[in-house]
Amino acid sequence: MRKSLLSAVAMLALSLPGAAIAQNGTIKIGILVALEGAFATGGQDGVRNVELALKQVNNTVAGKKIETVVAPTDTKPDTTIRMARKLIEQDKVDIIIGPLSGSEGIAMRDFAKTIPDKVVINGISGALETTWVDPAPNFYRFNLDGSQWGYGLGSYVVKKKGWKKVATIAADYSFGYTNFMGFAVDYCKSGGDIVQRFWQPLGQSDFGGIIAQLPNDVDAIYLGLGGTDAINFLNQYQQAGEKLRLIGGTIMADQTVLTARGRAKDALKGTPTSGPFAADNTDPAWTSYVKLYQDSFPANQRLPSPSLFGLGYYTATLAAIKGLQEAGGDLSNGQAKLKAALNKMELASPVGKITLNENRQATGTVFVNEVVDGPDGNMTSKMVAKTENVNQTLGMTPAQFKALGLPSRDVVDCAKLRAGG
């Protein structure tokens, strides 16, 4: 099974424009992306979007041909580092774009410090610690982190829905903690109370025990799951006859879940969620990107519209292209010109302007959406609110934000946060 998968990945790498034997006058980019595990569908969309971004410049930047090598991971940090090392030592790439998942990002932050002369641009991983705790000077993240994506959702469900008492289920790893933290900060500040918390290992398919323990005297259940974990939960949730209202973490209502086969996802109808984009955004930058995506791939070889994962890899590739253009393709002296360009970059993305802070972490817009039936028979989402200029400390001072503690099972403490301690 693994051999056939890797063979398919190799064929996919060769199918990317410019993926050939390195020659003089070329720049080689390694695409570090999860193609196994819970987020394999999202990883495939990430690869599509790298291809899409490079196609727009004919796979050429500053007169140099862009070549690509796809390095598949399974979201496990040790696999990620092994594949990243292969990209650097065997494939001789100049730049790495990736990874996809939260714990992979933390591992790549540390690996980046061992290759200071190479630039790493995050794919879509969203763990806070990646750029918040001892960040690597050559690691850049042009997507918001998971806590930023969760911000705005909590106040929306309190003020607009009146849901002031919830229980939560989230993935028991770095991104699950981070995304939950952003929601919890906003929810608790707005007067909400989290009465019970459940944590589920990433990639574990049995949710029966947690579903049986869900309290009935709450307004809703927050779900911080994604990929096949989200689909498995929804199947078992419906089979158990549960009908509590749901609040979705960022990857709970992504295209990779909403377009999955079966009717379990119907349980998400009306579910509010938040993240880096709104499917029905009418801004020309977004609509033109969606059309480009849809026109570039046959309908049976893509999702109905770009996923969160695809958007992240697309934006990262746009940043690499713009940085290389501004550097004139010059990667000498430890890629100094490229790093200088990335450090000061204001990137026009499909979801608006993105700037980086001193940690090379993005500031940008968070969209709050609700899941609805789409015109094509698939479920989609509609925008109901948005928060602009969401920074890494969620509008707090760095000292206030640090006082919350790092994302974990116990952060945030609602009572302590409301007391200002």
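The values are calculated or read from the model by the stated rules, or taken from the named source; none is laboratory data. Remember, it's a predicted structure, so these values are computed and weren't measured experimentally. Ideal geometry is used to build each Cβ from the backbone, glycine not excepted, and the neighbour counts take in all protein chains shown. Each accessible area value is taken on the protein alone, full model and side chains, heavy atoms only, with ligands, DNA and RNA left out. Shrake-Rupley method; radii C 1.70, N 1.55, O 1.52, S 1.80 Å.
Here are a few things to note about the model shown:
- Residue check, residue 416 open to solvent by 60 Å² or more (accessible area, probe 1.4 Å), in contact (Cβ under 8 Å) with a residue 12 or more places away in the chain and over 29 Å from residue 120 (Cα atoms): no
- Selected residue (only one of 388, 370 is open to solvent by less than 30 Å² (accessible area, probe 1.4 Å), under 18 Å from residue 250 (Cβ atoms) and in a strand (DSSP E or B)): 370
- Number of positions in the range 245-269 that are modelled with pLDDT of 95 or more and open to solvent by 20 Å² or more (accessible area, probe 1.4 Å): 1
- Identity of the residue in the range 196-223, among the charged types (D, E, K, R) and either closer than 14 Å to residue 267 by Cβ or part of a loop (DSSP other than H, G, I, E, B) (or both), that ends up least open to solvent (accessible area, probe 1.4 Å): 219
- Scanning the range 231-244 for residues that are surrounded by 23 or more Cβ atoms within 10 Å (Cβ to Cβ) and part of a loop (DSSP other than H, G, I, E, B) gives no hits.
- Lone qualifier among 70, 61, 50 - being in contact with a Ser or Thr (Cβ under 7 Å, 6 or more places away or on another chain) and modelled with pLDDT of 95 or more: 50
- Positions within the range 241-281 being hydrophobic (A, V, I, L, M, F, W, C), in contact with a Leu (Cβ under 8 Å, 6 or more places away or on another chain) and touching a residue at least 40 places away in the same chain (Cβ under 8 Å), in sequence order: 247, 251, 253, 258, 268, 277
- Taking the criterion of being in contact with a Gly (Cβ under 8 Å, 6 or more places away or on another chain), more than 18 Å from residue 312 (Cα to Cα) and assigned to a loop (DSSP other than H, G, I, E, B), the only residue of the range 264-282 that qualifies is 271.
For every residue, the table says whether it meets (1) within 20 Å of the chain's Cα centre (by Cα); (2) farther than 30 Å from residue 281 by Cβ; (3) not basic (Lys, Arg).
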{"position": "308", "(1), (2), (3)": "yes, no, yes"}
{"position": "311", "(1), (2), (3)": "yes, no, yes"}
{"position": "320", "(1), (2), (3)": "yes, no, yes"}
{"position": "324", "(1), (2), (3)": "no, no, yes"}
{"position": "330", "(1), (2), (3)": "no, yes, yes"}
{"position": "336", "(1), (2), (3)": "no, yes, yes"}
{"position": "339", "(1), (2), (3)": "no, yes, no"}
{"position": "344", "(1), (2), (3)": "no, no, no"}
{"position": "349", "(1), (2), (3)": "yes, no, yes"}
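- Among the criteria (1) open to solvent by less than 20 Å² (accessible area, probe 1.4 Å); (2) at pLDDT 95 or above; (3) within 20 Å of the chain's Cα centre (by Cα); (4) not aliphatic (A, V, I, L, M), the one residue 226 does not fulfil is (2).
- Condition met for residue 351 (buried (at least 18 other Cβ atoms within 10 Å of the Cβ), closer than 27 Å to residue 264 by Cα and among the aliphatic types (A, V, I, L, M)): no
- Subset of the range 280-305 [of a type in the set (Gly, Ala, Ser) and surrounded by fewer than 21 Cβ atoms within 10 Å (Cβ to Cβ)]: 285, 288, 296, 299
- Residue, farthest from residue 289 (Cα to Cα), within the range 306-327, restricted to residues that are open to solvent by 20 Å² or more (accessible area, probe 1.4 Å) and in contact with a helix residue (DSSP H, G or I) (Cβ under 7 Å, 6 or more places away or on another chain): 326
- Exclusive hit being assigned to a helix (DSSP H, G or I) and in contact with a Gly (Cβ under 6 Å, 6 or more places away or on another chain), set 130, 228: 130
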